[in-house]
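Data first, discussion second: the structure below is written as structure tokens.
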Amino acid sequence: MKNQNERLLQINEDYAEKYGFHYPEEAVHRTKKDSGLTEAVVREISKIKNEPQWMLDKRLQALKWFEKKAMPTWGADLSHINFQNITYYLKPTEGQGRTWEEVPENIKKTFDRLGIPEAEKRFLGGVGAQYESESVYHKLQESLEKQGVVFLSMDDAVKQYPEIVKKYFGTIVPASDNKFAALNTACWSGGSFIYVPKGVKVTKPLQAYFRINAKNMGQFERTLIITDEGAEVFYEEGCTAPIYSTDSLHAAVVELVALKNSKLRYTTIQNWSSNVYNLVTKRAHAYENAVVEWIDLNLGSKITMKYPSVFLLEPHAKADILSIAFAGKGQHQDAGGKALHLAPHTTSRIISKSICKDGGRTSYRGLVEIVKGATDTASSVKCDALILDEKSRSDTYPTMKINEEDSTISHEAYVGKIGEEQLFYLRSRGFSESEATAMIVLGFIADVTKELPAEYSLELNNLIRLEMEGGVG
Amino acid sequence: MLEIKNLHASVEGKEILKGVTLTVKDGEVHALLGPNGSGKSTLSYIIAGHPKYTVTKGEIRLNGKDVLKMKPEERALEGAFLAFQYPMEIQGVNVFNFLFQMAKTRQKKLSPVQFRKQVEATCVELGFDKQFLDRELNVGFSGGEKKRAEVLQLMLANPSLAILDETDSGLDADALKTVAKALQTLRKPGFSALVITHYARLLNYLEPDVVHVMKDGKVVMSGGASIAHEIEKHGYKAIEAQEAKK
């Protein structure tokens, strides 16, 4: 039997069995494939959702940006994405369950296999489950509802909280930001909407799970989270998909607003199958003395491009961006973080750890910007890469734009290979080669994993076995 | 017990060991001396199974088993332990967790609480501050701290063959005494040691049964502890002169 460290290195070797399964496609409505993204498709999505005019207008405007914006060529190779051959909207079932019994059998089976209802019972304050384009289950604990916490699918929020949505939607990530933000805004469906009222601290994490089941699927969920003054919330998201020989596209937009004195932690465990392009724009606005934490774990996908950002808008706002990326065979993880210091006394910390093996590729891409007048600011960046074999590759692209002298900046970068000497040292202690490798890898990511709460989320416990589960296996 | 017969080995095509023959019997402590570049560290690496070296001729037996066919980890579990001259820094790996996992490679059922007690007691014996147990393995350790950490690992591994590669360098006189005293407690049947040292200092505390002198890839002289004292007084030149006379 393998020990826990060794299993880490076999990360996703059992993907096919654990996550790569699929059930027959179910659709009560789907947009036509092979037509690409047209105005007709956008209008059709809006119509089936029975949306107000203002949202349709946003979509149509975004479509123009999508057509106008060039494909980004500065990062991973996106030249093989075929926008013609994507299902832009697929509604698997009518309505949305408030209990798992209300969810159609095959879809429920999927989430059972992924362990979501179980996790909900054990430690979550609320769960949203999205299947293809729509949310199929949404539930918030009653005690939280009573405190005024709102946790809905984005579609429901448009109808139930139009004023809040109108106020923030597209203001943190405008459709014009980049081609994929435009794409998302034009054909978004599903995603989470969370509002935590003043002073309310949500102690149990809220979780959303995104599942793609269909082939050639495009999933474009849209998430907006607002923590009001002094509020606190931990949000987690996970995602997986079946393994197909053709590609799928996931292009989400996530907007966070952390108002004065609030704290917002957003954790992602991205584990798409290796035929999914994952091109996501995530950005937060942090107001006075607010804390925004992005914890980003990228394990799966064919190509990921994602750089969670925090705009530190007011004094004493704080950003923490921690990430781990694994790239195996055929994978390119192009990830990192951005912190923009736009006010005095703001602080940021970015720690990125990447590991590549079997020909995988990791790129760190990050930005720290300090504008003139943002005095007494501090930022530290640490981006480390570990390359496990000769076939794999890692690059680092850090950018610093510092226009204020009264700031403290530190930047550390390390790119290393597992050395023969280190391996021999550990093997001479009785560890097998793979145990030794795993020990070095786990040690390498320790300064991120030690920041994570022990009982974190399903995937984290399953994929990276922390000491708490020691002895299993 | 360790038996080395006519061992030839090379690295990158260059022959480093040119016929080493040496036997350390059960319960014995042998010292291996010799000038820089004589092949002492290479010999220790080869016994432990470093993949960089190629053995071209000869044999090594540990407790009667052919070691050359074994992987480094198999040799470790057979009872060999090499205390490195330059221990590796392993980032992010907590010393205590490392020791615990290492112990578990040898003993499946192990209580962390009991083990912690054992480790802390050994730390006291070695004069090794137990706060090091919460540090990352060898990261930022001074030369002397690294050496003590090696001996700590050695004592916990409870090997049948300990190879100490210049454990004395980097330790001050007091530390050397403490470490040597701790090592003395290991001397009993079922334990043998090969102590490699450039200086004879350590041997003042750890009386070897046999002293070997290596030069240019061969053991050129073997004998009692007096050889070590001779070298300490007069250097290797004196030994060479003695050899020449013969």
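The values are calculated or read from the model by the stated rules, or taken from the named source; none is laboratory data. Because the structure is a prediction, the values reported are computed rather than measured. Cβ: placed from backbone, ideal geometry, glycine included. Neighbour counts: every protein chain shown.
Across the stretch A:375-421, the qualifying residues are those that are among the basic types (K, R) and within 14 Å of chain B (Cβ to nearest Cβ), and the one among them that is surrounded by the fewest Cβ atoms within 10 Å (Cβ to Cβ) is A:K417. When the stretch A:29-46 is filtered for residues that are surrounded by 13 or more Cβ atoms within 10 Å (Cβ to Cβ) and more than 18 Å from A:T246 (Cα to Cα), the ones remaining, listed by number, are A:H29, A:R30, A:T31, A:L37, A:T38, A:E39, A:V41, A:V42, A:R43, A:E44, A:I45, A:S46.
Quick check: anything in the stretch A:97-109 charged (D, E, K, R) and either surrounded by 14 or more Cβ atoms within 10 Å (Cβ to Cβ) or within 23 Å of A:S248 (Cβ to Cβ) (or both)? Yes, that holds for at least one residue. Scanning the stretch B:113-127 turns up at least one residue that is farther than 28 Å from B:Y236 by Cα, more than 14 Å from chain A (Cβ to nearest Cβ), touching a residue at least 24 places away in the same chain (Cβ under 8 Å) and not in a helix (DSSP H, G or I).
Just a yes or no: is a residue in the stretch A:269-285 over 11 Å from the mean Cα position of the chain (by Cα), in a loop (DSSP other than H, G, I, E, B) and not polar (S, T, N, Q)? Checking the stretch A:269-285: not a single residue is over 11 Å from the mean Cα position of the chain (by Cα), in a loop (DSSP other than H, G, I, E, B) and not polar (S, T, N, Q). Just to be sure before I move on: is B:V195 within 22 Å of B:A48 (Cα to Cα) and either touching a Pro at 6+ places or on another chain (Cβ under 8 Å) or surrounded by 16 or more Cβ atoms within 10 Å (Cβ to Cβ) (or both) in the structure I sent? It is true that B:V195 is within 22 Å of B:A48 (Cα to Cα) and either touching a Pro at 6+ places or on another chain (Cβ under 8 Å) or surrounded by 16 or more Cβ atoms within 10 Å (Cβ to Cβ) (or both). When the residues of the stretch A:427-438 are filtered to those that are surrounded by 19 or more Cβ atoms within 10 Å (Cβ to Cβ) and more than 7 Å from chain B (Cβ to nearest Cβ), the one that is nearest to A:K391 (Cα to Cα) is A:T437.
Residues of the stretch A:224-234 being surrounded by fewer than 24 Cβ atoms within 10 Å (Cβ to Cβ) and either in contact with a His (Cβ under 9 Å, 6 or more places away or on another chain) or not in a loop (DSSP other than H, G, I, E, B) (or both), which ones? Within the stretch A:224-234, A:I225, A:E232, A:F234 qualify. Scanning the stretch B:83-95 for residues that are within 11 Å of chain A (Cβ to nearest Cβ) and under 25 Å from A:K353 (Cα atoms) returns B:P87, B:M88, B:E89, B:I90, B:Q91, B:G92, B:V93, B:N94.
Residues are listed down the side, and each one gets a yes or a no for (1) of a type outside the set (D, E); (2) part of a loop (DSSP other than H, G, I, E, B); (3) modelled with pLDDT of 95 or more:
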position: A:L63; (1), (2), (3): yes, no, yes
position: A:F66; (1), (2), (3): yes, no, yes
position: A:E101; (1), (2), (3): no, no, no
position: A:D156; (1), (2), (3): no, no, yes
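Being assigned to a loop (DSSP other than H, G, I, E, B), within 14 Å of chain A (Cβ to nearest Cβ) and within 25 Å of A:S434 (Cα to Cα): is that true of B:Q101 here? No; evaluated as a whole, the condition is false for this residue.
Among the numbered conditions (1) part of a helix (DSSP H, G or I); (2) buried (at least 17 other Cβ atoms within 10 Å of the Cβ), the only one that A:R122 does not meet is (2).
Can you say whether A:Y425 is touching a Pro at 6+ places or on another chain (Cβ under 8 Å), without any contact (Cβ under 8 Å) to a residue 60 or more places away in the chain and either part of a helix (DSSP H, G or I) or not polar (S, T, N, Q) (or both), as far as the supplied structure shows? Spelling it out, A:Y425 is indeed touching a Pro at 6+ places or on another chain (Cβ under 8 Å), without any contact (Cβ under 8 Å) to a residue 60 or more places away in the chain and either part of a helix (DSSP H, G or I) or not polar (S, T, N, Q) (or both).
Which members of the stretch B:25-63 meet the condition of being away from every other protein chain (no Cβ under 14 Å), within 13 Å of the chain's Cα centre (by Cα) and under 18 Å from B:A76 (Cα atoms)?
B:L43
Every listed requirement among (1) under 17 Å from B:D165 (Cα atoms); (2) modelled with pLDDT of 95 or more is met by B:V55 save one, (1).
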